[in-house]
1. Put +1 on the Cβ of every Lys and Arg and -1 on every Asp and Glu Cβ in the chain; which of PHE17, GLY100, ALA183 then has its Cα farthest towards the positive end of the dipole?
2. What does the net charge come to around ALA175 if you take all other residues with beta carbon closer than 13 Å to its beta carbon, with K and R at +1 and D and E at -1?
3. Above 24 angstrom, tally the Cα pairs of the chain and express them as a % of all pairs, no decimals.
4. Which value in Å is the Kirkwood Rh of region 8-53 over different Cα pairs?
5. For region 55-162, report the translational diffusion coefficient in µm²/s to the nearest whole number, using Stokes-Einstein at 10 °C, 1.306 mPa s, and a Kirkwood Rh over Cα pairs.
6. Report the Cα centroid-to-centroid distance between region 9-48 and region 128-159 in angstrom, as an integer.
7. Express in nm, to one decimal, how much length is gained between GLU22 and ARG102 on full extension, taking 0.36 nm for each residue of separation and deducting their alpha carbon distance.
8. How far, in degrees from 0 to 90, does helix 98-109 lean away from the longest principal axis of the Cα atoms of the chain, to the nearest 10?
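Throughout, read-outs are computed from the coordinates displayed, never taken from laboratory work. Note that the coordinates shown come from a computational prediction; the quantities given were computed from them, not determined experimentally. Here the Cβ positions follow ideal geometry from the backbone for every residue, glycine too, while neighbour counts run over all protein chains shown.
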Amino acid sequence: MVRWEPGARGRLGQAAFELFTERGFEQVTVAEIAERAGLTERTFFRYFADKPEVLFAGAEGFQDLFVSSVVGAPDSAAPIDAVAGALYAAAATFTAHSGGARRRAAIIAAHPDLRERELVKLATVAAAVADALRGRGVTDPAASLAAEAGLAVFRIAFASWIAAPDGPDLAQLIADSLDELRAVTAGK
């Protein structure tokens, strides 16, 4: 097996997704992932802390996208509008990788431990977004409320998008969910 070949992380991720899709998450071992990728188990652990982390490896990038979008929003943007900009940026990323996003979502949905880990990762993103809003001068509880509401909008729109591959695109579902949130909070 090749020890230090470029692209090892990507190959491990691809091998893991293939195996998870073929046989199910629980039935796949780290050794099998490494073998499929043509690498060693030790190499796997250089890139991922554990098998579930393969599914969550992009969490930092997702968080960075949200935070940078909030930070880069116009100064005049209301907190929820700054968060909405981050939601649309995320929609563009997920739409560009819709096949992988849907496969990942299916794998996570089938396992309670993975769903729990997903919620923890999303809570971490919400906390980072709230911090970014505070950096823009938004005080609490407004910063926390806008961040948590934004992530709730994302989760709901994403679930609808996953459930209906031939339905509206993710950006439209986010817009619809934001409109619903505004209507609910306005008492309509």
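1. Most positive-ward Cα: PHE17.
2. -4
3. Distances greater than 24 Å cover 45 percent of the Cα pairs.
4. 10.0
5. Answer from the Stokes-Einstein relation: 113 µm²/s.
6. Region 9-48 and region 128-159 have Cα centres spaced 34 Å from each other.
7. 27.3 nm
8. 80
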